[in-house]
């Protein structure tokens with residue numbers, strides 16, 4: 001009896017491990033060959049190894065065991081992906097503002113860990129009372145959900161960051177116009193705006209100023225800022241600013257005109273959202289207010305109508 005109980009308990013777990021090993025083997029067989037990594041990334045890895053402290057007793061268990069294991073797993077999984085996919089993930093993380101200083105390798109490892117944790121957690125905690133096939137099906141669904149959650153979270157962060165940049169752009173242009181008209185250089189005005197405020201746009205201003213300080217041309221630094229964020233209003237402003245620099249126009253005049261246009265666009269966007277609020281209010285009225293109102297008004301009449309109809313039927 002004991003052997004039968006043990007075999008009956010271990011059979012689902014062994015079957016799940018075999019299915020997982022088969023999927024991993026197929027993935028490794030069909031995955032493209034690993035693209036050569038840049039020399040800078042290899043040097044960065046060597047620098048990370050050289051920074052390891054000799055005194056490991058002062059660090060916590062998370063720093064000594066869990067994080068290195070997570071980094072090795074992430075590096076191994078990222079090695080199975082093409083370099084083009086890693087570059088896209090890096091671009092997406094930059095557009096999201098580099099949350100938690102995550103790299104593309106860390107993000108891939110996070111998705112894998114969450115997927116495996118969700119699938120295994122459901123199978124071990126909630127799937128023991130279900131048939132084997134049903135438990136495996138639900139475990140794979142939980143695995144897929146856990147794999148997609150980090151991507152959805154990252155897309156949501158990108159959307160919020162773009163909205164923040166779009167809203168802060170008119171005020172930032174006003175501050176830039178005041179600074180340039182007061183006699184500051186354009187780079188100094190950007191740095192002053194970055195010191196006054198702390199949002200997604202001013203962070204990009206500070207990053208552009210840092211690129212200018214290391215010798216990047218102004219047009220290139222501005223173009224990099226436009227490519228990092230993919231915000232239409234910011235891209236339009238940077239394109240006009242680059243063109244004015246090429247033609248030798250006054251930056252103060254360009255900033256003044258652009259700030260007026262951005263303020264007008266922000267007002268039009270607010271009006272558009274205000275007009276869309278009426279449709280949302282109608283939906284709320286139809287789904288929630290009207291049913292409650294009908295119940296209050298017609299509720300006392302319904303029993304009387306039912307009695308009268310029953311008496312007429314008799």
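Since every read-out is calculated from the coordinates, none of them should be taken as a lab result. None of the values given here were measured: they were computed from a predicted structure. Neighbour counts are summed over all protein chains in view; Cβ atoms, including those assigned to glycine, are modelled from backbone coordinates with ideal geometry.
Summarising the label geometry, the points placed 7 Å from Cα in the beta-carbon direction at residue 277 and residue 184 lie 3.4 nm from one another. Taking the fewest neighbouring Cβ atoms within 10 Å as the starting point, the ordered list for 125, 255 is 125, 255.
Once the piece of chain linking residue 265 and residue 286 is laid out straight, how much longer is it, given 0.36 nm per residue of separation minus the C-alpha distance between them?
On the way: separation 21, 0.36 × 21 = 7.56 nm, distance 3.25 nm.
Additional length available on full extension: 4.3 nm.
Taking 0.36 nm per residue of separation and subtracting the current Cα-Cα distance, fully stretching the chain between residue 230 and residue 197 would add 9.8 nm. Between residue 125 and residue 76, the distance separating the two model label sites (each 7 Å from Cα on the Cα→Cβ line) works out to 2.5 nm.
Our summary gives region 163-268 a relative contact order of 35 percent, counting only alpha carbon pairs under 8 angstrom and 6 or more residues apart.
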